[in-house]
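Notes to accompany the following structure.
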Amino acid sequence: MFRRMEDKIRRLSEQLLTAKDDQELTGILGELRAALHQHVERLRARVASYPIVVERRSYPPTGETRSRTGGSHDSRGG
């Protein structure tokens with residue numbers, strides 16, 4: 001599915017470079033823009049359905065961190 005769209009985008013890009021006049025250029029640009037839009041939408045849908053891996057790290061509770069550093073540290077500089 002994605003390979004055909006990539007081939008179409010590649011072909012339209014090549015045609016764009018060899019376009020002879022503005023009318024031909026405008027038509028190719030419209031097709032290329034639509035193909036790119038469709039490809040991006042398909043990629044978005046694919047990424048949206050991609051399983052998310054939850055990172056499993058254990059952090060000490062906030063109170064323990066402060067007691068290890070020897071007290072609270074004010075980062076506001078005052």
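Each value in this text was obtained by applying a stated rule to the coordinates, not by laboratory testing. Only a predicted model underlies this, so the values are computations on that prediction, with no experimental measurement involved. For neighbour counting, all protein chains shown are included, and Cβ atoms are generated from backbone atoms with ideal geometry for every residue, glycine included.
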Inset, instruction - Return the FRET efficiency for the residue pair Tyr50, Asp22: r is the Cβ-Cβ distance, R0 is 35 Å, and the value is rounded to the nearest 0.05. - result: 0.25
Legend entry - Using a Förster distance of 22 Å, the FRET efficiency for Glu31-Arg4 (Cβ separation, nearest 0.05): 0.95
Inset, instruction - Work out, in µm²/s and without decimals, the Stokes-Einstein translational diffusion coefficient of the range 1-51 at 20 °C, 1.002 mPa s, Rh from Kirkwood over C-alpha pairs. - result: 182 µm²/s
